[in-house]
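Taking it in order: structure first as structure tokens, then the write-up.
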Amino acid sequence: MPVRATKRGADRTPLSGDFDVLICGASFAGLTVARELRATGARVLVLDRYEIGERQTSACGIPTDWLRSTGLMDAERQRFDSLLIHTPHDSERYRLPWTFSTFDYRELCELLWRQCDARFETAKVNGRAAPANGDGAIAVETDRGAISAPLVVDALGWRRVLASGDGFQPPDAPLSRGLEVHPDGSSEDLEVWIDRRYVPAGDGWSFPARGELRIGVGSFDPRFHVRETTELLAEDLNRDRVRYQGNWIPHELRRATEGGVFFVGDSAGHCLPLTAEGIRTALYFGIALGRELRGVYEGRQGREEAAASYTAFHDSHEWKFRWMLRVQRLVPRIPPRLLGPMIRLLGKKRFVDWSFDHYLQIAPPEEAGGSAHEQDRAGQQQRDPEHTLGAEWDLVEAEQP
């Protein structure tokens, strides 16, 4: 696991300051929100306990059109037009109606950051703090001091740090758990295993990424420990068990706003049940939230109006997530002897095209086309790739006592 990059020693100066927008969390969702606020003139601060791109949080796969529509194709590592599904007694290859890509986590985060003009600081967010005044700003306590802004985003993940009263802890929570290893190697197949030898309720996977394989197991039941079976799958594939990476994965939507704070990505449950795909949904909902916050800063609406609009957008997807969750709960109940025939039956081209097209439309890549980045990309000079701190706004770094 990476060492936390929060500043230490003489470099770890206290922080305080007032901003227009404070975004807590610098992975896919948080960076996408910041990206949508580009060129507004808003003073945007992004906080994370790790450096941008430092800590990989997923197997890093996404429909190719999402990379294309967001200008992130340089992070692509490998592309697939089929999915190979294994059951205990059979395997079936699904020819997909669209392509799926694996990508490099660090590079994609860095590319997203280059599309922002925000400020970034490493700091651990501990929770909400008492506001210093009554101007409507929300104060956030970090391990380096308190920061405040009228618009605050929690993109910190399933812990939902800035919420009050609706937190939960595994294993008594609607969370899946996943673990993968990253051995060197190559393959032309994107593979999934639905096999109780590896997990009673869940699946295994192998995501090739040009010189690296991401082999893992995910369990819908948070009480099932997946390390042993992840190692078993790697052993069955004759691959090394090295470079472990794991995470908790939410599989239910949660409230989009609370107490004036906006939640996005895993903190809002924006991870699809059954497939555990959360990257394109983080981008998708991040774009939607960024547009709402942009409207507030530009004076087209108030914070309460933005909260109502974002909540309505979030809630309009609830039925899609609910149906995916129903299928997630159904699959473990299917007798193993029927899995092979069922996968073959569902592998008919007409059904694959219909089902995967509908699946893509849960968070369609077309929604990225109207993003702030797309609107200004043609006419605005790209920022210097070497400049990684964004605009030099007045973040107060107090002298050490």
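The values are calculated or read from the model by the stated rules, or taken from the named source; none is laboratory data. Not measured: the values here are computed from a predicted model. So basically every Cβ, Gly included, is an ideal-geometry build from the backbone, and we count neighbours across all protein chains shown. All accessible areas refer to the heavy atoms of the entire protein, side chains included, with ligands and DNA or RNA removed. Shrake-Rupley method; radii C 1.70, N 1.55, O 1.52, S 1.80 Å.
How many residues are open to solvent by 50 Å² or more (accessible area, probe 1.4 Å), in contact with a Ser or Thr (Cβ under 7 Å, 6 or more places away or on another chain) and either within 15 Å of Tyr359 (Cα to Cα) or not in a strand (DSSP E or B) (or both) when one looks only at the stretch 79-98?
1
Within the stretch 309-330, work out how many residues are farther than 18 Å from Pro250 by Cα and either touching a Leu at 6+ places or on another chain (Cβ under 8 Å) or part of a helix (DSSP H, G or I) (or both).
5
Against the conditions (1) farther than 30 Å from Gly211 by Cα; (2) not in a loop (DSSP other than H, G, I, E, B), where does Trp158 fall short? Just the number, please.
Condition not satisfied by Trp158: (2).
Would you please name the residue that is most open to solvent (accessible area, probe 1.4 Å), looking only at residues in the stretch 58-78 that are in a strand (DSSP E or B) and within 20 Å of Leu213 (Cβ to Cβ)?
Arg77
For the stretch 264-294, how many residues are farther than 18 Å from Cys116 by Cβ and not hydrophobic (A, V, I, L, M, F, W, C)?
10
Scan (1) of a type in the set (Gly, Ala, Ser); (2) over 18 Å from Leu156 (Cβ atoms); (3) touching a Lys or Arg at 6+ places or on another chain (Cβ under 8 Å) for the single condition Ala288 breaks and write down its number.
(3)
On the phi < 0 side of the Ramachandran plot and part of a loop (DSSP other than H, G, I, E, B): does that describe Cys116?
Taking the combined requirement at face value, the residue satisfies it.
Mind listing whichever residues of the stretch 195-205 are part of a loop (DSSP other than H, G, I, E, B) and open to solvent by 10 Å² or more (accessible area, probe 1.4 Å)?
Within the stretch 195-205, Asp195, Arg196, Arg197, Tyr198, Pro200, Ala201 meet the criteria.
Consider the stretch 241-294. How many of its residues are of a type in the set (Phe, Trp, Tyr), in a strand (DSSP E or B) and crowded, with 24+ Cβ neighbours inside 10 Å?
Total meeting the criteria: 2.
For residues in the stretch 156-182 being small (Gly, Ala, Ser) and in contact (Cβ under 8 Å) with a residue 40 or more places away in the chain, which is nearest to Glu235 (Cα to Cα)?
Gly178
Within the stretch 206-230, work out how many residues are within 23 Å of Val331 (Cβ to Cβ) and either assigned to a strand (DSSP E or B) or not aromatic (Phe, Trp, Tyr) (or both).
The number of residues fulfilling the criteria is 17.
As an exercise: evaluate Arg223 against (1) without any contact (Cβ under 8 Å) to a residue 24 or more places away in the chain; (2) open to solvent by 50 Å² or more (accessible area, probe 1.4 Å); (3) not acidic (Asp, Glu) and give the number of the one condition it does not meet.
If we test Arg223 against (1) without any contact (Cβ under 8 Å) to a residue 24 or more places away in the chain; (2) open to solvent by 50 Å² or more (accessible area, probe 1.4 Å); (3) not acidic (Asp, Glu), just (1) comes out false.
Kindly indicate which of Gly30, Gly41 is in contact with an Asp or Glu (Cβ under 9 Å, 6 or more places away or on another chain), within 25 Å of Asp104 (Cα to Cα) and not in a strand (DSSP E or B).
Criteria check complete, one pass: Gly30.
Hey, Phe351 hits all of (1) among the hydrophobic types (A, V, I, L, M, F, W, C); (2) out of contact with any strand residue (DSSP E or B) (no Cβ under 9 Å at 6 or more places or on another chain); (3) touching a residue at least 24 places away in the same chain (Cβ under 8 Å) but one; which does it fall short on?
The failed condition is (3).
Would the stretch 134-141 turn up any residue that is more than 24 Å from the chain's Cα centre (by Cα), modelled with pLDDT of 95 or more and in a strand (DSSP E or B)?
Checked the stretch 134-141: no residue is more than 24 Å from the chain's Cα centre (by Cα), modelled with pLDDT of 95 or more and in a strand (DSSP E or B).
Give me the residue from the stretch 328-365 that is among the aliphatic types (A, V, I, L, M) and under 21 Å from Gly61 (Cα atoms) and, out of that set, nearest to the chain's Cα centre (by Cα).
Checked the stretch 328-365; the qualifying residue nearest to the chain's Cα centre (by Cα) is Ala363.
Taking the conditions exactly as written (under 28 Å from Val331 (Cα atoms), in contact (Cβ under 8 Å) with a residue 24 or more places away in the chain and among the hydroxyl-bearing types (Ser, Thr, Tyr)), does Ser187 satisfy them or not?
Yes.
Which one of the conditions (1) over 30 Å from Pro150 (Cβ atoms); (2) under 24 Å from the mean Cα position of the chain (by Cα); (3) open to solvent by 40 Å² or more (accessible area, probe 1.4 Å) does Arg55 fail to meet, given that it meets all the rest?
Checking Arg55 against (1) over 30 Å from Pro150 (Cβ atoms); (2) under 24 Å from the mean Cα position of the chain (by Cα); (3) open to solvent by 40 Å² or more (accessible area, probe 1.4 Å), the one that fails is (1).
So, Gly379, is that one small (Gly, Ala, Ser), at pLDDT below 90, part of a loop (DSSP other than H, G, I, E, B) and surrounded by 15 or more Cβ atoms within 10 Å (Cβ to Cβ) or not?
Criteria not met by Gly379.
Being within 17 Å of Phe19 (Cβ to Cβ) and open to solvent by 50 Å² or more (accessible area, probe 1.4 Å): is that true of Glu188 here?
No: the conditions fail for Glu188.
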